[in-house]
Amino acid sequence: KHVEYQLFFTASPPSNSVVNDPRYSGLYHLAFIKHSQVYSQVFNASNGINRDVRIGVLDSGVDLFHPDLSTTVLRNSSGEPMAYNPTNNSNIVTDAGFHGTHVAGLALAAGNNAEGVSGVLGKNAKLLAVKVATDSSSNILNPTLSLDANVNGMRWAADQGAEVINVSLGGSADSPTLREAVAYAANKGALVVIAAGNNGRLLDPNFKIYPAVYSKDIEGAVTIGSVDSTSSQISSFSNYSSTYVDLLAPGSDGTRGILSTIPTNLSSSVRYASAVNVQNSSGGTTTSPIHGTSMASPVASGAAAMMINLIKSRGLTPTPRQVERVFLLGARRNSGYNSYSSNGQVLDLVNMITRVDRETGIDTSSSTPRTALKGEVIRSKQPQSAERL
């Protein structure tokens, strides 16, 4: 069954780089969220990340052989990729376009590997790729998406232990089964991160995009709007709302697109791109930047995965409500964004890590061992109404 869901794509660099990826200086979205200021800190040996986190990507497919993604792919004991294509019940998830590969790279492309780019979480991240698109050589920008595949794929990712699931897609059709799938994934322990959509409109009772608006009522789901990493203004295409949008993250970059991985089968030499060539009405091609809430969402997903991984590396297993709470309390609040997201919240990794340290009673910049948890700590066996981590 196919409905009118579509991928959310709309056609100063970091200093003192902490990673050796040659294109890191062009990742302006990472500079915006202060990536270089926390990267080494969150992986310190005393109390930093020491485990892997599983990130599900529901999208057009992912190039599992891309040099910046192949090492992140979660594999079973036989070495086969843990990936799923609900449309044909296989683990073949070849990208139907480029969107899913680009999205995956933003969240978790391998960092500090002297190759290409880095995702927000460039270490200790494992990819669960879910292809919800059908192949269509005539339209690689917007391949047909299956509602049933979205539902089944989200449930599959949750059942495989995904701790974050990125959903950079949506549409105008409400679906009780899709809503139930989001709730199912959240209840299984995944933070479901959903793109707000690219209509440039206010989300309200008269205009809704699904599954973006579901997060308002589902604990463990958040909706992401886009801010421009160059101007710091709301991206012109981004949907916005102080009610339905939880957080803003960089999804555009002035006239440049957002740089990330693209499938290697599209070109023998180009593995990374911030723009694509689109055929225009006159038969020629127009270069279009790759930007959208589709890009903002995986930036937020990578940050959420970093936060969850750090918390769990310290011996805690937070409930979905606690994950959402700490993630949003770790945002920076800017009154200039009050009309665009709840409390004007925008992604800031320094704020986020500071919040995790406060909740767990451990300073990431110190040598305090991760076993020295203190303060009012509440573990996963506690009810979801508990306010403290």
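Among 172-180, 299-307, sorting by the average number of other beta carbon atoms lying within 10 angstrom of each residue, highest first, gives 299-307, 172-180.
Taken along its three principal axes, the alpha carbon spread of the chain comes to 64, 50, 45 Å, from the longest extent down to the shortest. Measuring nothing but protein heavy atoms, the accessible surface of the chain at 1.4 Å probe radius is 44 percent carbon and sulfur.
Ranked by the mean number of other Cβ atoms within 10 Å per residue, highest first, peptides 157-163, 201-207, 336-342, 246-252 order as 246-252, 157-163, 336-342, 201-207. Within the stretch 78-163, the ratio Rg/Rh, alpha carbon atoms throughout and Rh by Kirkwood, equals 0.99.
Per-residue packing, averaged as other Cβ atoms within 10 Å, sorts the ranges 107-119, 75-87 into the order 107-119, 75-87, beginning with the highest. Between residue 317 and residue 206, the contour length at 0.36 nm per residue exceeds the Cα-Cα span by 36.1 nm. Among the lysines of the chain, pairs that are 8 or more positions apart or on different chains and have alpha carbons within less than 19 Å of each other number 11.
Remark: spin-label model distance residue 285-residue 216 equals 4.3 nm, labels positioned 7 Å along the Cα→Cβ axis. Each of residue 76 and residue 363 was given a label point 7 Å from its Cα along the Cα-to-Cβ line. The distance between the two points is 4.8 nm.
The values are calculated or read from the model by the stated rules, or taken from the named source; none is laboratory data. Computed from a prediction, not measured in an experiment: that's the story for all the values here. Glycine also receives a Cβ, built like all others from the backbone with ideal geometry; neighbour counts cover every protein chain displayed. Areas reflect the complete protein model, heavy atoms only, side chains present, ligands, DNA and RNA absent. Shrake-Rupley method; radii C 1.70, N 1.55, O 1.52, S 1.80 Å.
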